[in-house]
1. For a footprinting-style exposure proxy, rank Ser18, Ser241 by other Cβ within 10 Å, fewest first.
2. Out of residues 5 or more away from Phe131 or on other chains, whose amide H comes under 5 Å of its own, with H placed 1.01 Å from N in the peptide plane?
3. According to the square roots a ≥ b ≥ c of the eigenvalues of the Cα gyration tensor, what is the shape class of region 55-137, taking rounded for a/c under 1.5, prolate for a/b larger than b/c otherwise, and oblate for the remainder?
4. Regarding the chain, what whole-number volume in Å³ per residue does the convex hull of its Cα atoms give?
5. Among His32, Tyr243, Met97, whose Cα lies farthest out toward the positive end of the dipole of the chain, if unit charges sit on the beta carbon of Lys, Arg (+1) and Asp, Glu (-1)?
6. With +1 on each Lys and Arg Cβ and -1 on each Asp and Glu Cβ, and nothing else charged, work out how big the dipole of the chain is about its Cα centre, in Debye to the nearest 20.
7. Looking at the chain, what % of its DSSP beta bridges pair antiparallel, to the nearest 5?
8. Past 30 Å, Cα to Cα, is the threshold; run Lys106/Lys228; Lys63/Lys228; Lys19/Lys125; Lys84/Lys211; Lys172/Lys228; Lys177/Lys247 against it and keep the listed order.
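Readers should treat all values here as calculations from the given coordinates under stated rules, not as data from a laboratory. All of these numbers come straight from a predicted model, not from anything done at the bench. Please note: Cβ atoms are built from the backbone with ideal geometry, for glycine as well, and neighbour counts cover all protein chains shown.
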Amino acid sequence: MATFEHDNIVPDKESDLSKTKQVATMFDSIAHRYDFLNRFLSAGIDVGWRKKAIGYLKDIDPKNILDVATGTADVALMTEKMLKPSSIIGIDISDGMLEIGRKKIKETGVEKTIQLYNGDSADIKYNDNTFDAVTVAFGVRNFQQLEKGLSEILRVLKPGGKLVVLEFSRPKNMVIKGFYNFYMKSVSPNIAKLFSKNKTAYAYLDESIQKFPEGKNFTGILQNVGYKNIVNKPLSLGICSIYCGTK
């Protein structure tokens with residue numbers, strides 16, 4: 001498996017823990033504020049991004065869906081509402097995030113459709129050809145081994161099944177890019193610090209975005225792993241992108 005620069009970006013460079021364990025610990029520490037900060041820092045735009053990403057699954061009408069890096073189950077819950085599948089399994093490495101997600105699922109009354117488990121993209125505990133679709137929202141940057149995670153997802157997808165990835169990207173317009181970089185490096189971490197003790201989490205967010213192989217680089221990786229019919233759709237002037245690939 002190839003390695004990429006972002007694979008080595010970690011929340012705490014002084015720590016001896018693996019990226020996976022560091023990211024899990026980081027998200028555990030901000031889980032109680034994660035949803036609020038997402039809405040606040042993105043001015044609510046992230047909700048529309050998720051809806052558009054899920055919309056890319058309508059053509060295949062998936063019945064069994066896996067949501068990798070499910071976090072607090074935002075995408076799982078929205079997918080249940082939009083597509084009404086038979087089953088959604090959400091996996092994440094952060095128990096703190098999963099705990100919040102389970103509360104939201106119970107409050108919504110969809111426990112029979114959505115189940116959440118602790119799980120890592122590098123070792124998905126399901127058989128080959130299990131799911132009609134897999135979603136990953138703002139999670140592929142956190143994979144310790146990008147190609148390994150994408151290969152595992154391909155393995156558990158059924159033939160004809162679709163992967164939909166929603167991930168931050170870097171704007172190409174110089175004016176937008178300058179504002180975006182200022183916001184991510186200076187504004188976002190300091191606002192986050194007001195509501196969460198873990199300022200490091202939002203500094204890591206920016207660094208992991210800067211080093212992530214987005215755009216054509218990411219579609220090339222999907223192709224190398226074995227995905228077909230690959231789509232790359234930039235959103236909001238390139239701040240975020242949707243990627244799709246089929247098995």
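1. If I rank by nearby Cβ atoms, fewest first, I get Ser18, Ser241.
2. Leu157, Lys158
3. Values: a/c = 1.77, a/b = 1.10, b/c = 1.60.
Here region 55-137 falls in the oblate category.
4. Given the Cα convex hull of the chain, per-residue volume reads 115 Å³.
5. Tyr243
6. Values: 35 positive and 28 negative charges, 151 e Å.
In total the dipole reaches around 720 debye.
7. 40
8. Lys106/Lys228; Lys84/Lys211; Lys177/Lys247
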